[in-house]
1. Taking region 235-279, which residues are in contact with a helix residue (DSSP H, G or I) (Cβ under 6 Å, 6 or more places away or on another chain) and either without any contact (Cβ under 8 Å) to a residue 60 or more places away in the chain or more than 24 Å from Asp319 (Cβ to Cβ) (or both)?
2. So in region 290-310, with the set limited to residues that are under 28 Å from Glu268 (Cβ atoms) and among the small types (Gly, Ala, Ser), which one is surrounded by the fewest Cβ atoms within 10 Å (Cβ to Cβ)?
3. Mind listing just one residue for me: the one in region 289-307 that is basic (Lys, Arg) and farther than 27 Å from Lys343 by Cα and, of those, nearest to the chain's Cα centre (by Cα)?
4. Mind telling me which of the residues Ala17, Ala42, Ala30, Ala62 ends up being in contact (Cβ under 8 Å) with a residue 24 or more places away in the chain and under 30 Å from Glu385 (Cβ atoms)?
5. Tell me, which residue of region 215-242 that is assigned to a loop (DSSP other than H, G, I, E, B) and over 21 Å from Pro184 (Cα atoms) is most open to solvent (accessible area, probe 1.4 Å)?
6. So which residues in region 255-279 are assigned to a loop (DSSP other than H, G, I, E, B), in contact with a strand residue (DSSP E or B) (Cβ under 7 Å, 6 or more places away or on another chain) and either over 13 Å from Pro201 (Cβ atoms) or open to solvent by 20 Å² or more (accessible area, probe 1.4 Å) (or both), if there are any at all?
7. Please return the ranges of strands (runs of 3 or more DSSP E) entirely within region 127-196 where 1 or more residues are of a type in the set (S, T, N, Q).
8. Suppose the filter is closer than 15 Å to Leu271 by Cβ and either exposed (fewer than 13 other Cβ atoms within 10 Å of the Cβ) or among the hydrophobic types (A, V, I, L, M, F, W, C) (or both); does Val369 pass it?
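The values are calculated or read from the model by the stated rules, or taken from the named source; none is laboratory data. As the structure is a computational prediction, the values presented were derived from the model and not from experiment. Glycine gets a Cβ as well: all are built from the backbone with ideal geometry, and neighbour counts include every protein chain shown. Only protein heavy atoms, including side chains, enter the accessible area calculation; ligands, DNA and RNA are left aside. Shrake-Rupley method; radii C 1.70, N 1.55, O 1.52, S 1.80 Å.
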Amino acid sequence: MLHSKRILLGVTGSIAAYKAALLVRLLVKAGAEVQVVMTEAAKDFITPLTLSTLSKKPVLSAFVSNTSEGVWNNHVELGLWADALVIAPTSAHTLARCANGFCDDLLSAVYLSAKCPVFFAPAMDLDMYRHPSTLENLRRLESFGNHIIKAEHGELASGLVGEGRLAEPETIVDALDSFFAKRPVFAGKRVLITAGPTQEPIDPVRYISNHSTGKMGYAIARAFARAGASVTLVSGPTSLALPHPSIRRVLVRSAQEMYVASAEAFPEADLTILNAAVADYTPAHPADQKIKKNESIFSLELTKTTDIAATLGEQKRADQLMMGFALETNNEHENALSKLHRKNLDWIVLNSLRDSGAGFGHDTNKITVMDREEQIRLFDLKTKEEVAEDLLTLVEEKWKQQ
């Protein structure tokens, strides 16, 4: 989302200014064009040469550069040029200047002239960050429509541990990427997504499960959250981190727990995407104690679990949309279409284990999407993040037609 975006990066007088080098590198790597504007105090912490080398542009810090020739750095033009202004790190002094409209250097003049979105990433010591004047300045800047990338908790230059640490460059880039990923049609939409496997207990130490890692469902959740939807992610056991800070994640283990959590969130959902690999059967009588290895043959009595897609499909209102997934090994299209109609889905996403690179465990996937009118869309093998974007676009097209 940052490809070809023009980013003004303001760097101020903070020990965290050294992180600006990595931030510039990440932005350039993402395809952005970066123009750095430094305050004079920032030069005490990192050299303009470092940032100009990484950005491939001369660093600006004064209204007039190369004073022998009198080259004017037009703050108005800079403010119009940028797709985003990011001030990282933002010192307490720069926060105060911007919050109160002071304009005594190039960076503050660019801020007051900016027509683009502005992001502040504060960095300072714990007590400075907690001071009422700093908190008020942050509140004022946010009330003006600016975006605050909150300081993180960690060890500070003073040796104290607490809030005030500059957000990591990767976090700042992700915040920008998420901002540009937003799509207006998803604003205010509530999306329920299930992901990962379920684990059905045999005894306190054993369970029945499958090979699902949750990667596809988590990629879908991230794509919809970045687009601006309010996402509830009902997740079975995985090793994956929360894919986006705005996502509400509900952790479950068994098929019954996943059904209960999904049923609770379903009435408020505008869209439900059932990606989880839910067990069809569960042990009828899980043992309270570990089962000992005595017999040469061991049998388990299994009972059907609640069919989440079918149950929610029966409850689905006309204003709700549902997307299901089908992982098949034979008669793929026929089985997927049957599932779509039986469970009252709007789309079925077919994965075939015959396709190399598709299915569980891979970072890639190859899908075929069918809708209620039995229109079929074929997609090439892609990363799961790219597959999630394709599904996002399908939903966007549907909602734009309504």
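1. Matches in region 235-279: Leu240, Pro243, His244, Ser246, Ile247, Val250, Val252, Tyr259, Val278, Ala279.
2. Ala310
3. So, considering only residues that are basic (Lys, Arg) and farther than 27 Å from Lys343 by Cα, the one nearest to the chain's Cα centre (by Cα) is Lys290.
4. Ala30
5. The residue in question is Ser239.
6. Scanning region 255-279 gives Ala269, Asp270, Asn275, Ala276.
7. The strands (runs of 3 or more DSSP E) meeting that bar are 190-195.
8. yes
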